[in-house]
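Bear in mind these aren't lab numbers, they're just calculated from the coordinates by the rules spelled out. Since the model is a prediction, treat every value here as computed from it, not as a measurement. Here the Cβ positions follow ideal geometry from the backbone for every residue, glycine too, while neighbour counts run over all protein chains shown.
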């Protein structure tokens with residue numbers, strides 16, 4: 001009979017990542033140069049679909065004002081105008097949202113804030129390389145960042 005090697009009680013695996021707190025939730029951020037998995041944001045896609053649908057309804061003449069359409073849809077007129085502004089986004093940004101390749105900082109709340117209507121300025125604002133961690137140029141991140149030196153320890157449970 002041969003004796004097997006002893007199984008260690010703990011296995012340590014080094015996984016480089018950073019944890020960032022955003023809006024009460026924690027996100028795991030990969031180190032620079034690593035590919036992030038594509039993940040579509042259904043909230044952004046739904047907002048895009050609504051915005052373009054509302055724009056088409058207004059342009060077709062079914063509704064004469066945003067107020068009429070907002071009351072028919074049962075939402076606030078101010079919210080509808082902010083969502084309709086999304087239709088002014090550069091096609092590259094819309095495509096990135098639909099493909100799921102937008103930065104995690106690009107949220108619906110971020111898109112509902114005022115932005116430039118000129119596409120080149122939008123690309124500078126929302127560009128993957130130029131967008132700071134906070135998602136808003138000039139604002140502090142307000143999030144606690146942990147360096148890329150985390151280790152995960154997994155304990156083996158014997159059956």
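Quick rundown of the values:
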read-out	value
At R0 = 25 Å, FRET efficiency that the Cβ-Cβ distance of residue 46 and residue 123 yields, to 0.05	0.60
Cβ-derived FRET efficiency at R0 35 Å, residue 9 paired with residue 110, nearest 0.05	0.15
Virtual spin-label span in nm between residue 98 and residue 19, 7 Å along Cα→Cβ	3.7 nm
Residue 76-residue 29 FRET efficiency (beta carbon distance; Förster radius 25 Å; 0.05 resolution)	0.15
